[in-house]
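Remarks on the structure that follows.
The values are calculated or read from the model by the stated rules, or taken from the named source; none is laboratory data. In this text the structure is predicted, and so the values were computed from the model without any measurement. All Cβ positions, even for glycine, are placed from backbone atoms using ideal geometry, and neighbour counts span all protein chains on display. Heads up: the accessible areas ignore ligands, DNA and RNA and are worked out on the full protein's heavy atoms, side chains in. Shrake-Rupley method; radii C 1.70, N 1.55, O 1.52, S 1.80 Å.
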Amino acid sequence: MDIKNICCIGAGYVGGPTMAIIAKYCPDIQINVVDINPDRISQWNASELKDLPIYEPGLKEIVEKCRGKNLHFSTEMKKNISAADLIFISVNTPTKTKGIGSGQAIDLKYVEASSREISKYSKGHTIVVEKSTLPVKTAQTIKAILDAAQKDKSNLENKKTFSVLSNPEFLAEGTAIKDLENPDRVLIGGDDDDAINDLVNIYSKWIEKDKVLRTDLWSSELSKLISNAFLAQRISSINTISALCEATGAKIKDVSLAVGMDRRIGRYFLNSGPGFGGSCFKKDISNLVYISNHYGLFDVAEYWQKVLDINTWQQKRFVELIVNNMFGTISSKKIAVLGFSFKANTNDTRESPAINICKKLIEEGAFLKIYDPKVKKSQIMKDLSSIEKDIDSKKWGYSNSIYSTFENADAALFLTEWGEFASLNWERISNIMRQPAWVFDTRSIVDINQVRGNGISIWQVGYGN
Ligand code: UDX
Ligand code: ADP
């Protein structure tokens with residue numbers, strides 16, 4: 001089949017950038033990104049490119065070039081699903097918050113709703129591609145819903161048929177455009193060779209064919225889950241060693257470098273910090289724990305659960321050492337918080353370590369002044385109030401400019417590795433902080449000599465005081 005029209009259900013961190021790249025390299029294909037959230041769609045259609053709903057380096061340039069030509073954003077599900085030869089499902093797949101599997105299993109309600117929309121509105125033969133990270137065997141659910149549509153009496157005249165593929169996304173936020181343009185691999189799971197070839201033809205417009213890996217559906221779904229689990233496991237592993245370095249005097253960056261230079265280990269994902277955040281790692285490992293328990297593999301479940309436990313342990317450890325270093329109490333003290341997103345170069349705060357850490361500091365009685373170059377005040381408000389109902393402006397304030405964040409602060413806490421934090425004017429900062437002042441650097445981002453040289457005490461992850 002010659003794919004001429006693509007619909008993507010879900011205009012989020014995955015759907016938006018992925019469709020932008022396909023639009024860039026496939027000018028002959030019309031791409032419609034649809035979402036049930038009208039606010040999100042109007043943000044994608046914003047005339048000012050700075051108002052796009054997600055911040056991602058390189059994204060706005062592509063949107064500017066393709067939007068209105070072969071890339072469209074709308075809430076019109078029926079029309080765009082009907083016209084599509086190929087549909088990507090890129091909706092959110094959060095962890096269940098109630099019922100069976102609560103806290104671990106993935107809630108498939110959005111995937112199910114999308115499948116039902118597809119079964120209702122599609123016409124002729126449609127390739128349905130699951131992009132969202134999904135538990136193993138989800139394609140089965142999608143297939144079951146679509147099969148029911150095929151068997152429906154009303155289908156006799158429409159002759160709907162479907163091929164379901166799994167094509168998990170490996171992009172990381174902050175580097176999404178780079179990752180999409182030059183991926184390590186493209187994974188496609190399925191049993192319909194024609195449909196797989198159609199999808200491969202799209203990717204081959206900018207990716208070498210030998211980077212495409214074909215598997216069955218379940219292997220593809222599981223591979224995505226396990227890739228994320230292995231990445232998260234490396235972070236938990238290095239975070240345990242950060243504590244050991246602090247206790248023994250070894251230097252974490254040297255240890256990471258020495259270990260990572262072994263090609264069998266590799267140098268990536270060995271930076272210790274406040275623990276992993278983002279929409280994937282916690283969710284996927286929780287799901288892996290759930291699946292392992294489901295199959296009676298209790299030791300396997302326990303093994304992966306520990307990766308999650310270490311993540312929260314690291315955050316709890318940080319809060320305790322902040323309190324201990326500040327004479328045992330932070331009650332009524334002002335702490336400047338630098339960075340709120342879960343990592344640099346994104347405005348995403350989902351599962352950001354900053355949420356948990358800020359909540360604990362507020363519980364200890366501190367007043368926080370929070371600065372992040374890309375996260376808006378309204379988002380921080382949402383994140384903090386979802387945990388602690390009575391958080392109000394007496395407990396934290398938002399800072400619009402970096403240096404004013406430090407005014408009269410007793411301590412500065414660095415939680416995200418934004419580039420601008422590496423080259424601060426510490427002379428200026430030491431003049432506006434309250435003395436004796438502390439810096440707690442959970443990302444090893446600030447210049448330790450500059451901080452000390454200006455009379456401020458510093459604790460850094462993996463180095464200690
Ligand atoms: C991740 C996967 O990398 C991606 O392939 C998948 O598709 C989605 O999940 P993402 O969550 O966007 O991507 O970001 P990633 O760069 O993986 O970072 C996740 C978290 O780990 C961040 O909080 C980051 O700060 C932390 N991290 C990463 C570390 O603490 N140390 C590191 O060395 C690397
Ligand atoms: P991700 O990081 O996986 O892209 P996001 O939450 O950023 O997740 O994006 C998922 C998007 O999917 C949201 O904008 C949400 O409104 C949208 N969505 C969820 N369910 C549906 C649905 N049934 N139809 C269309 N869009 C949906």
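FRET efficiency for Arg434 and Thr329, Cβ-Cβ distance as r, R0 = 22 Å, nearest 0.05?
The formula returns an efficiency of 0.90 here.
Please give me, ordered by residue number, the trypsin sites (Lys or Arg not before Pro) of region 122-185 that lie in loop per DSSP and have at most 11 other Cβ atoms within 10 Å.
Values: sites: Lys123, Lys131, Lys137, Lys143, Lys151, Lys153, Lys159, Lys160, Lys178, Arg185; in loops: Lys123, Lys131, Lys137, Lys153, Lys159, Lys160, Arg185.
In loop regions of region 122-185 (DSSP not H, G, I, E or B), the sparsely surrounded trypsin sites (Lys or Arg not before Pro) are Lys153, Lys159.
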Margin query: Please enumerate, by chain and number, the lysines with C-alpha under 20 Å from the C-alpha of Lys123, excluding those fewer than 8 residues away in the same chain.
Written below: Lys4, Lys78, Lys79, Lys143, Lys151, Lys153, Lys159, Lys160
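Helix-only mean residue ellipticity at 222 nm, the chain, DSSP H runs n ≥ 4 weighted -39,500 (n - 2.57), per residue, nearest 500. What is it? Could you put the intermediate results ahead of the total?
Numbers: 17 runs with 197 residues, N = 465.
After summing the helix terms and dividing by residue count, I get -13000 deg cm²/dmol.
Length gain on complete extension for the stretch Ala148 to Ser219, per 0.36 nm per residue less the alpha carbon to alpha carbon distance?
Values: separation 71, 0.36 × 71 = 25.56 nm, distance 2.46 nm.
Between Ala148 and Ser219, full extension yields 23.1 nm more.
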Notebook entry, point to check: Taking the radius of gyration and the Kirkwood hydrodynamic radius from Cα positions alone, what is the Rg/Rh ratio for the chain, to two decimal places?
Noted result: 1.00
Note to self: Testing the spin-label approximation: label points 7 Å from Cα along Cα→Cβ at Val200 and Phe170. State their distance in nm.
What the structure shows: 1.7 nm
Next item on the list: Run through all the Cα pairs of region 308-460 and give the fraction in each 10 Å bin from 0, expressed as whole percent.
Entry: 11, 46, 37, 6, 0
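Mind pulling the per residue volume of the convex hull built on the Cα atoms of region 240-381? Å³ is fine.
Numbers: hull volume 21.3 nm³, N = 142.
Taking the convex hull of the Cα positions in region 240-381, it is 150 Å³ per residue.
Ignoring ligands, DNA and RNA, please state the percent of accessible area on region 310-387 from carbon and sulfur, probe 1.4 Å. Walk me through the intermediate numbers first.
Values: 1500 of 3090 Å².
Ligands and nucleic acids excluded, carbon and sulfur reach 49 percent.
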Checklist line | Over 28 Å between alpha carbons, listed pairs Lys306/Lys360; Lys96/Lys382; Lys137/Lys376; Lys24/Lys209; Lys98/Lys137 | finding: Lys137/Lys376
Next item on the list: Please report how far the C-alpha centroid of region 258-272 lies from that of region 278-324, rounded to the nearest whole angstrom.
Entry: 22 Å
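Share of region 38-130's accessible area from carbon and sulfur, percent, 1.4 Å? Kindly include the intermediate steps, with their values, before the conclusion.
Working: 2220 of 4490 Å².
Its accessible area is 49 percent carbon and sulfur atoms.
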Note to self: Could you report the chain's accessible area per residue, 1.4 Å probe, as an integer in Å²?
What the structure shows: 46 Å²
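Looking only at the chain, where both bridge partners belong to it, what percent of the DSSP beta bridges are antiparallel (to the nearest 5)? Walk me through the intermediate numbers first.
Values: 3 of 51 bridges.
Given both bridge residues lie in the chain, the antiparallel proportion sits at roughly 5 percent.
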Note to self: If you average the C-alpha positions of region 115-193 and of region 56-107 separately, how far apart do those two centres end up, in angstrom?
What the structure shows: 12 Å
